[in-house]
Amino acid sequence: MAAALPREKQLPDNREIVILESVSRAPGRTAVQIDVLTLFPQMFEGPMGLSMMWKAQERGLLHLRLHDLRNWGEGRRRQVVDTPCGGGGGMILRADVLVRAIEEVRSDSTQPVILLTPQGRVFNQQVAGELAQEERLLLVCGHYEGVDERVRQLAISDEISIGDYVLTGGELAAMVVIDATVRQLPGVLGADDAAARDSHADGLLEGPHYTRPTDFRGLQVPELLLSGDHGRISTWRRRQSLLRTMQRRPDLFAAAHPGDEELDWLARHRADGQLPDT
Ligand code: 6GU
């Protein structure tokens, strides 16, 4: 874990940023630079300093730059928030502070600037795929009651929410977005096409998985999976995936366009009483 500790770096204008250590980009791979503007850069150190997100940085596939918004704060106390005009509770992130920070962090005007907010479009695998096409992203973590509306008008190109619930800040949401996006980059999960097998990759949930022991407390691994017959295994997996999606996420199933044979098979299994009729 020691290697995951942040290293202090200086921006040309002497503003401090924290960069999680990374090495140069692997040849022939698509890398992404993700800048994050946040009041709590330390929140990122655990999740981004371990496992696949850390490996992505070591392999040079993710260049993560964490910028402490406090550095752009105004006055002796580096104020970043103020009370809402018109009264009411809570604090609002200031437009002057945020817009200046965004403009200084952003490498050029083509870098998408994404505000994490419960008011944004809802994040999913498809949005992650879109973001994975970008070379650079700037994620802005909202906090408190929100951001001054003029930040949206002047400096935000997209707004993302990770679901219909309210978090205390955008940091956890930013990490969700980073993880789901970066794991889609070639080379992050390893040499094979692991991302293509993910639940949601083809609009379906994954079916059941097994590993040894083949008999555990009287529960057997399905025979077929031990047969070595890759054709039949592949068919089995696809059907299990359809079955599970139909049972758990009928909304996704409707959009997945199963083939006639597959629908027949599912209908037979429904007739066997294995599936609810709804
Ligand atoms: Cl992006 N931010 C906050 N504060 N809450 C959320 C969210 C984002 N997405 C869902 N809830």
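Bear in mind that the values in this text are calculations on the coordinates, not laboratory data. As the structure is a prediction and not an experimental result, all values here were calculated from the model. Please note: Cβ atoms are built from the backbone with ideal geometry, for glycine as well, and neighbour counts cover all protein chains shown.
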Whole-Hz Karplus couplings 3J(HN,Hα) for segment 113-125, θ = phi - 60° and coefficients 6.51, -1.76, 1.60, Gly and Pro as x, run 10, 10, 8, 8, 7, x, 8, x, 5, 7, 5, 8, 4
List the trypsin sites (Lys or Arg not before Pro) within segment 197-239 that DSSP assigns to loop and that have no more than 16 neighbouring Cβ atoms inside 10 Å.
ARG217
Put +1 on the Cβ of each Lys and Arg and -1 on the Cβ of each Asp and Glu in the chain; which of GLN42, LEU154, LEU266 then has its Cα farthest toward the positive end of the dipole?
GLN42
Please report, in Å, the Rg and the Dmax of the chain, where both are computed over Cα atoms only.
23.1, 72
How large is the dipole of the chain about the Cα centre if only Lys and Arg carry +1 and Asp and Glu carry -1, each at its Cβ, rounded to the nearest 20 debye?
540 debye
Those trypsin sites (Lys or Arg not before Pro) in segment 56-155 that DSSP places in a loop and that have at most 14 other beta carbons within 10 Å:
ARG76, ARG77, ARG78
Per 0.36 nm of contour for each residue apart, how much would the distance between ASP260 and MET52 grow if the chain were fully extended, relative to their Cα-Cα spacing?
71.0 nm
Using a cut-off of 11 Å between beta-carbons, work out the net charge of the residues near ILE92 (Lys and Arg +1, Asp and Glu -1, ILE92 not included).
-2
